[in-house]
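Single-structure report; data block below.
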Amino acid sequence: MFFVYILKSKKDDKLYIGCTDDLRRRFKKHNLGLVDSTRPRIPFSLVYYEAYASRQDAFHREHNLKLRAKALRQLKNRIKNCLEA
């Protein structure tokens, strides 16, 4: 399985979108400060994830969420209560 996930920084409330084949391990690495791009914004909470059988499909979805504002906006509208917590 491959996962597209969204983390929310408890420090600045900003979102991070990522993709991995081991969501638990990757989430732990983010919160331990082992990921350079997110280290300054720890700690994080996991607010959303999607599972895919195909690596290619997962990375395509991650790419769309990162580069297409409309796709991310639609997802944010769908999970707005999760983002407020």
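A short reminder: the numbers here are calculations on the coordinates, not readings from a lab. Note that this is a predicted model, so its numbers are computed, not measured. Glycine also receives a Cβ, built like all others from the backbone with ideal geometry; neighbour counts cover every protein chain displayed.
Here is how the number arises for the chain: DSSP H runs of 4 or more residues each give -39500 (n - 2.57), the sum is divided by the residue count, and the result at 222 nm is -12500 deg cm²/dmol. Annotation: average projected area of region 2-84 is 5.2 square nanometres, based on the convex hull of Cα atoms across all directions. Lys-Lys pairs in the chain that are eight or more residues apart or on separate chains and whose Cα atoms lie under 22 Å of each other come to 27. Here's the picture: charge each Lys and Arg Cβ at +1 and each Asp and Glu Cβ at -1 in region 37-84, and of 42, 67, 56 the one pushed furthest to the positive end of that dipole is 67.
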